[in-house]
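Colleague: Structure in structure tokens, see below.
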Amino acid sequence: MYPRGGTTMITVRQAGQALAGALTHNKGGNCYPIGWYNMTWVEFLTIAKKHLGCPEKKIKTIPDWMYKLGGKQLMAKQKKAGHEGGLHMVKFADVMCAETYIDKSLGCEKLGVTEDDIDAAIGESMRLCAEILDGNSEVVDIKGE
């Protein structure tokens, strides 16, 4: 079950364009919010399901309080196992349940970012995740020593 919020996404190519644009066009210490595709979680998951081969699978959304309850239960399970999750899942629920959208004119357009195929980018990511889970692709670990 998923929250009802949403987020802004970009493709890898767009991230590179934003970085190149910031290096070549920026004057001074400016910060730019980078985002192009504003999607609800349901919109994102609909694309993901299609690329994972299960487009008919139903997406169920839940109220914010229920998402927070699940986060609380997850944190208790992690604590009992001696794990630290890295995020306070109850507080993080406010972010996951919000529509945290970015207007592309605030950063992307100023830095020369252009339209890309978000459907294909999500599909590529979903297929790689499936390959990793199936043991058909290796994961590169990043560890701080």
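The values are calculated or read from the model by the stated rules, or taken from the named source; none is laboratory data. This structure is a prediction, so every number in the text was calculated from the model and none was measured. Methodologically, a virtual Cβ is constructed for each residue, glycine included, from the backbone with ideal geometry; neighbour enumeration extends over all protein chains shown.
Colleague: Kindly indicate which of ILE47, ILE62 is surrounded by 14 or more Cβ atoms within 10 Å (Cβ to Cβ) and modelled with pLDDT of 95 or more. Steps first, please.
Modeller: Values: ILE62 fails: modelled with pLDDT of 95 or more.
The match here is ILE47.
Colleague: Please go through the stretch 58-82 and give me each residue that is assigned to a helix (DSSP H, G or I), free of Cβ contacts under 8 Å to residues at least 60 places away in the same chain and either among the aromatic types (Phe, Trp, Tyr) or on the phi > 0 side of the Ramachandran plot (or both), ordered by number.
Modeller: Listed by number, the list holds a single entry, TRP65.
Colleague: Among the residues of the stretch 101-118, count how many are under 30 Å from GLY71 (Cα atoms), surrounded by 14 or more Cβ atoms within 10 Å (Cβ to Cβ) and not hydrophobic (A, V, I, L, M, F, W, C). Break it down into steps so the answer makes sense when it comes.
Modeller: Restricting attention to the stretch 101-118, the residues satisfying the condition of being under 30 Å from GLY71 (Cα atoms) are 101-103, 118.
Now restrict to residues that are surrounded by 14 or more Cβ atoms within 10 Å (Cβ to Cβ): 101-102, 118.
Now restrict to residues that are not hydrophobic (A, V, I, L, M, F, W, C): 101.
Adding up the residues that qualify gives 1.
Colleague: Here is a follow-up. From the set of residues in the stretch 91-145 that are among the acidic types (Asp, Glu) and in a helix (DSSP H, G or I), which is nearest to THR46 (Cα to Cα)? Write out each step before concluding.
Modeller: The initial filter retains those residues of the stretch 91-145 that are among the acidic types (Asp, Glu), namely 94, 99, 103, 109, 115-117, 119, 124, 131, 134, 138, 141, 145.
With the extra rule that they be in a helix (DSSP H, G or I), the set shrinks to 94, 119, 124, 131.
Values: ASP94: 22, ASP119: 10, GLU124: 14, GLU131: 19 Å.
Looking at residues that are among the acidic types (Asp, Glu) and in a helix (DSSP H, G or I), I get ASP119.
Colleague: Which numbered condition in (1) crowded, with 18+ Cβ neighbours inside 10 Å; (2) free of Cβ contacts under 8 Å to residues at least 60 places away in the same chain; (3) in contact with a Gly (Cβ under 6 Å, 6 or more places away or on another chain) is the only one that CYS97 fails?
Modeller: (2)
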